[in-house]
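Participant: The structure follows.
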Amino acid sequence: TAKGVEFLRRGRRHVALARREVIVCAGVALSPHLLMLSGIGAAAALRPFGIAPCIDLPRVGKGLRDHVSPVLLFRRKTPG
């Protein structure tokens with residue numbers, strides 16, 4: 001259960017505790033993973049890993065696709 005965050009600022013450790021909910025986001029790929037670790041996902045897929053399902057949502061983590069990011073290089077004929 002997330003109750004706050006711990007972070008470093010200018011080399012010093014700080015703790016910020018939440019009075020209400022904590023929203024955790026880890027991007028497109030890791031947010032579904034966090035949900036599943038929290039028991040939100042396909043119940044049949046969570047149980048073998050010892051994760052007690054809270055909400056059976058079979059589509060969590062499904063349909064993810066890698067987005068290719070090509071590197072484009074350009075060369076100018078004149079400086080500038």
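Participant: Using only Cα atoms and rounding to the nearest 10 degrees, what angle (0 to 90) does helix 27-37 make with the longest principal axis of the chain?
Facilitator: Here the helix axis deviates by roughly 10 degrees.
Participant: Another question, if that's okay. Please give the FRET efficiency for Ile23 paired with Val68, using the beta carbon to beta carbon distance and R0 = 30 Å, rounded to the nearest 0.05.
Facilitator: Between Ile23 and Val68 the formula returns 0.55.
Participant: Using the Karplus curve 6.51 cos²θ - 1.76 cosθ + 1.60 with θ = phi - 60°, what ³J(HN,Hα) values do you get for each residue of segment 8-20, in whole Hz, with x for Gly and Pro?
Facilitator: 9, 9, 6, x, 10, 7, 10, 10, 10, 8, 8, 8, 10
Only the coordinates and a few stated rules stand behind these numbers; no lab work does. Computed from a predicted structure; not experimentally measured. Ideal geometry is used to build each Cβ from the backbone, glycine not excepted, and the neighbour counts take in all protein chains shown.
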